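Written below as structure tokens is the structure these notes are about.
The values are calculated or read from the model by the stated rules, or taken from the named source; none is laboratory data. Bear in mind that the values here come from a model prediction, so they are computed numbers and not experimental data. Positions of Cβ are backbone-derived with ideal geometry, glycine not excepted, and every protein chain shown enters the neighbour counts. In case anyone asks, the SASA skips ligands and DNA or RNA and just uses the protein heavy atoms, side chains included. Shrake-Rupley method; radii C 1.70, N 1.55, O 1.52, S 1.80 Å.
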Amino acid sequence: MLGLMQDWPLTVPKILEHALRYHAEREVVTRVPEGGIERYTYADLGARARRVAKLLRKLGVRRGEVVGTCATNTSRHMEVWYGLMGIGAVCHTLNPRLFAEQLVYICNHAEDRYVFLDGAFVGIAEALAPKCPSVRGFVFLTDRAHMPETELENAFCYEELLSEVDDDVEWCELDENEAAGLCYTSGTTGNPKGVLYSHRSNVLHAMSVVQPDSFGLGSRSVVLPVVPMFHANAWALTFAAPMVGAKLVMPGADLSGSALHELFETEGVTFTAAVPTVWLGLLDFMEANDLRLSSLQRVVIGGSACPRVALEKFEEVYGVDVTHGWGMTEMSPVGTNSCLKAGMESWPRDAQIFQKLKQGRPAFGVEMRVVDDDGKELPRDGKAFGRLLVRGAAIAKGYHKGEGGQVLDAQGFFDTGDVATLDPHGYMQITDRAKDVIKSGGEWISSIELENLAVGHPEVLEAAVIGVPHPKWDERPLLIVVRREGSRVSKAGLLAFMRGKVANWWLPDDVAFVDEIPHTATGKIQKRTLREKFAEHPAAD
Ligand code: AMP
């Protein structure tokens, strides 16, 4: 017998319409990349998104076609998202930190019709223009006064185009399974692969992240997404905030400690989310200038493992609750959060920190299991580690245009490429990316655990651990360190600091001091480059 409930497609325009009906006066504030703060309301956002929709139709963009955006977190960028998705076009976020050749490949693969970009990325438009025949024009998200100088023939000014259209437009009646967004993920091998989000997956994922044990957002929240809209949908915050009527504070291009701190304080921000490097920068800035945080309640740290020092400082010095989060582009992206469960409030502080530093447990909508190399499920005992597989409502079942082939196993699980443990409380802990684990004497060493330990040293700015070839042990860990300014900490000093905190045979054989550690376009340590650089590193006896 079928249920007798309404068929109410879960589509992105419904999020905006809900915000307009119930939270029209709530503010959206932007630090504009060209300078200054602009503020308007969800009512304005809605009206301007409609004008974008009208403009797109005028430009000939049709339902199902793909349009690129290459922009920082601003209200204009958000208008374009909602305008695009509202007419059934697919919003393709391009990461401006990628190399030009990668952007050319991605733009051609996606067949972008237009690209909307920040003025600062005019160089990207110029690199794409001669090589991407599908792109009919580049629309700069600015006004005439701030248009970048360019020889491009098909460069347009966003504000000028918008001023030529009105907002008299209806959203498309969409099927919830239609594509809404496209984001390419750059694997270490092969070409970048496109993750194609649907309206349904975006809505369900946003409903999931607002829950108390996930991001905990509501109409009284003031949300500042530092995580970029061009990398994994700003962790759903641009959908989640209007869904619950939270005030949004968009940081634009300046993600420095001073710029963020100023916005936190002047706008009364209660919630924010970013990768660890951003937070280490902010913590340094606040410490050096003896500053406090007066409104911030929760910070989500994810994208890379949360260093203990960041968690401790936020919670103990600044009184801000830290949630460690894990996810990936293919998961929309949020997979887990490390919020404590009932009963854990009374645990000793050290045990709580240990638990919160795990990557966490999923909200409803994500299933996880850990398997060995033969695909056999491993016990959830917090010790056995293997490949982490996931299944759920907002997780990719394949890549755009079939790239990468079949990606699900017989039970419909997706292999994350991460190696992890699951504990009896349901918390997952990543020990490594599968390709980064260090295999020493037939046993595995977790590079992430060693890195976390090393950055706990007060004189270490950043640390990476890789396996280097060893004639007897196969591989041994090498610790690569960027020292803080003025620090002279030595190899012996660092190893002494780490000794006793991990098994002795896990301790790195050597420490290399460098000025800089290379990062990928999404802010992760580029281990492949490090492995190449240190391939000839002499083995210890
Ligand atoms: P991306 O698709 O670029 O967001 O990258 C996803 C990958 O980032 C995951 O598969 C993990 O390897 C890594 N990652 C994300 N969050 C964390 C975290 N909290 N701790 C460790 N690794 C993480």
Do the alpha carbons of any pairs in Lys435/Lys472; Lys341/Lys524; Lys193/Lys247 sit beyond 27 Å of each other, and which pairs?
-> Lys341/Lys524; Lys193/Lys247
Fully extended contour minus Cα-Cα distance, from Ala100 to Asp381, at 0.36 nm per residue | 96.6 nm
Calculate the all-directions average of the projected area of the chain's alpha-carbon convex hull, and give it in nm².
-> 27.0
Honestly segment 1-160 on the Cα gyration tensor test (a ≥ b ≥ c root eigenvalues; a/c under 1.5 rounded, otherwise a/b vs b/c for prolate or oblate) is just oblate
With +1 on the Cβ of every Lys and Arg and -1 on the Cβ of every Asp and Glu, the dipole magnitude of the chain about its Cα centre, in debye rounded to the nearest 20, is 800
Answer in debye to the nearest 20: the dipole magnitude of segment 366-433 about its Cα centre, from +1 Lys/Arg and -1 Asp/Glu charges placed on Cβ, is 220
Dipole axis of segment 51-181 (+1 Lys, Arg; -1 Asp, Glu on Cβ), positive-most option in Pro133, Phe156, Trp81 | Pro133
May I ask for the distance between the Cα centers of segment 364-391 and segment 41-97, given as a whole number of Å?
-> 38
Of the accessible area of segment 50-96, computed with a 1.4 Å probe and all protein chains kept, carbon and sulfur make up a percent value of 47
Where segment 366-433 is the region considered: accessible area per residue in Å², 1.4 Å probe = 48
Based solely on its DSSP helices, what 222 nm [θ] is calculated for the chain when runs of n ≥ 4 H residues each add -39,500 (n - 2.57) and the sum is averaged over all residues, nearest 500 deg cm²/dmol?
-> -7500 deg cm²/dmol
Volume per residue (Å³) of the convex hull spanned by the alpha carbons of segment 438-500 is 84
Classified through the alpha carbon gyration tensor (a ≥ b ≥ c as square roots of its eigenvalues; rounded if a/c is under 1.5, else prolate when a/b is larger than b/c, else oblate), segment 366-433 comes out prolate
Can you work out the accessible area per residue across segment 443-500, with the rest of the protein chains kept in place, probe 1.4 Å, in square angstrom?
-> 47
With Cα atoms, 0 to 90° folded angle of helix 100-110 axis to the chain main axis | 60
Set Lys and Arg Cβ to +1 and Asp and Glu Cβ to -1, take the dipole of the chain about its Cα centre, and tell me which of Ala351, Ala540, Ala71 lies farthest positive.
-> Ala351
Helix 75-86 sits at what angle to the longest principal axis of the chain, using alpha carbons and giving 0 to 90 degrees rounded to 10?
-> 70
If the cut-off is a Cα-Cα distance under 21 Å, which lysines reach Lys491, setting aside same-chain residues fewer than 8 apart in sequence?
-> Lys501, Lys527, Lys533
Put +1 on the Cβ of every Lys and Arg and -1 on every Asp and Glu Cβ in the chain; which of Tyr197, Pro251, Trp506 then has its Cα farthest towards the positive end of the dipole?
-> Trp506
Heads up, I need the accessible area for Ser219: 1.4 angstrom probe, whole protein in place, Å², nearest 10.
-> 50
